[in-house]
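Beneath this line is the structure, given in C-alpha cells, with notes to follow.
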There are 2 protein chains.
Amino acid sequence: MEREAGSRFMPKFDASGLLTAVVVHAETGGVLMVAFMNEEAIALTRQTGKAHFWSRSRQAMWMKGESSGNVLSVREILVDCDQDALVLRCDPAGPTCHTGAESCFYRLLEDDALVRVNT
Amino acid sequence: MEREAGSRFMPKFDASGLLTAVVVHAETGGVLMVAFMNEEAIALTRQTGKAHFWSRSRQAMWMKGESSGNVLSVREILVDCDQDALVLRCDPAGPTCHTGAESCFYRLLEDDALVRVNT
C-alpha cells in the first residue's frame, strides 16, 4: 500500500536482486532498450547521471556506452505502481542498440516473420 | 546472429521461461506498464489480439482487464535485438494501472522522494 501510494522510493527487486528498466528517448518518448538494474546499478546511475545496468548473461555491472561511447544521460526516472520497474528518460549520445540501430526495437512481428522498421 | 539480424521470430526466454513486455500507448507512445510473458502468453495475445501476461507473484496466466474491463488491444508487436523483450503497441480500453492511473508510471523519482506526475 505504501509502496503504491506513498512518496518513498522502495524498489522491489526480484529473487535475483533485479528490477526491469525501460529506456525511453527523453525527446521522442520512443522505447530504446530494456535492461535490468540491481541496487548498485540504480545507485551508480543516480550518482553519475549515466545509465548503468546489470548484465544477466555476463553477471557484471556495465555502463551503457562504456565501450561504444553511446552513453545514455538520464534526465528523469519514473517508478511504477509496485516499484519493480523503472522508466529512464534519457538523452542518448548515439545509437542505443549495439547493432547500430537507434533503438533495439527495430523489428515488427508480422505473422511469423520479423520485418525491419525505421528505427 | 540469426536472432539479431534475421527475420525469424525466436523469442529468448529466461530461466523462468519469461521475457519482458513493455506496453506502450499506440497513439501517444507513452509507457503504460511492464509485465512478463511466457510462450503461452505470447500465443494467447496473438490469437486474441488482447494482451495476456504471466503473473510471477500469482504464478498464473492473466489477461489484462479480465476483471476491470480495461483490456489492451494490441496493434503491433516490436521485438528487440536479442529477442528477449517485446514492445506491445496497444489501444487501452481504460486506465491501465490497477490504481486507476492511465499509466503505472505515475511517479517521478526526485532525490529520495516519489512525486506524483500527470499520468
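Just one of the listed residues (B:SER57, B:SER73) is at pLDDT below 95 and more than 7 Å from chain A (Cβ to nearest Cβ), namely B:SER57. Kindly establish whether A:ASP91 is in contact (Cβ under 8 Å) with a residue 24 or more places away in the chain and either surrounded by fewer than 21 Cβ atoms within 10 Å (Cβ to Cβ) or more than 10 Å from chain B (Cβ to nearest Cβ) (or both). Taking the combined requirement at face value, the residue satisfies it. Applying a threshold of 7 Å to beta carbon distances and a minimum spacing of six or more residues, or different chains, the list of pairs starting in region B:99-119 at a residue that is more than 7 Å from chain A (Cβ to nearest Cβ) and without any contact (Cβ under 8 Å) to a residue 12 or more places away in the chain and ending at one that is part of a loop (DSSP other than H, G, I, E, B) and open to solvent by less than 60 Å² (accessible area, probe 1.4 Å) reads B:ARG116/B:TYR106; B:VAL117/B:TYR106. Return yes or no: is A:LEU44 out of contact with any Gly (no Cβ under 9 Å at 6 or more places or on another chain) and assigned to a helix (DSSP H, G or I)? When the stated conditions are applied, A:LEU44 passes them. Scanning region A:57-81 for residues that are surrounded by 17 or more Cβ atoms within 10 Å (Cβ to Cβ) and touching a His at 6+ places or on another chain (Cβ under 9 Å) yields A:LYS64, A:CYS81.
Identify all residues within region B:14-41 that are away from chain A (no Cβ under 11 Å), in a loop (DSSP other than H, G, I, E, B) and farther than 30 Å from B:ARG107 by Cβ; write none if there are none.
Once the filter is applied, which keeps residues that are away from chain A (no Cβ under 11 Å), in a loop (DSSP other than H, G, I, E, B) and farther than 30 Å from B:ARG107 by Cβ, region B:14-41 yields only B:GLY17.
Return yes when B:THR45 is touching a His at 6+ places or on another chain (Cβ under 8 Å), open to solvent by less than 40 Å² (accessible area, probe 1.4 Å), more than 9 Å from chain A (Cβ to nearest Cβ) and among the hydroxyl-bearing types (Ser, Thr, Tyr) and no when it is not. Answer is yes for this residue. Taken over region B:94-119, the criterion of being within 30 Å of A:HIS98 (Cβ to Cβ) and open to solvent by 10 Å² or more (accessible area, probe 1.4 Å) is satisfied by B:CYS104, B:LEU108, B:LEU109.
The values are calculated or read from the model by the stated rules, or taken from the named source; none is laboratory data. Since we're looking at a predicted model, the values are computed, not measured. Methodologically, a virtual Cβ is constructed for each residue, glycine included, from the backbone with ideal geometry; neighbour enumeration extends over all protein chains shown. We work out accessible area using only protein heavy atoms, side chains counted, and drop any ligands, DNA or RNA first. Shrake-Rupley method; radii C 1.70, N 1.55, O 1.52, S 1.80 Å.
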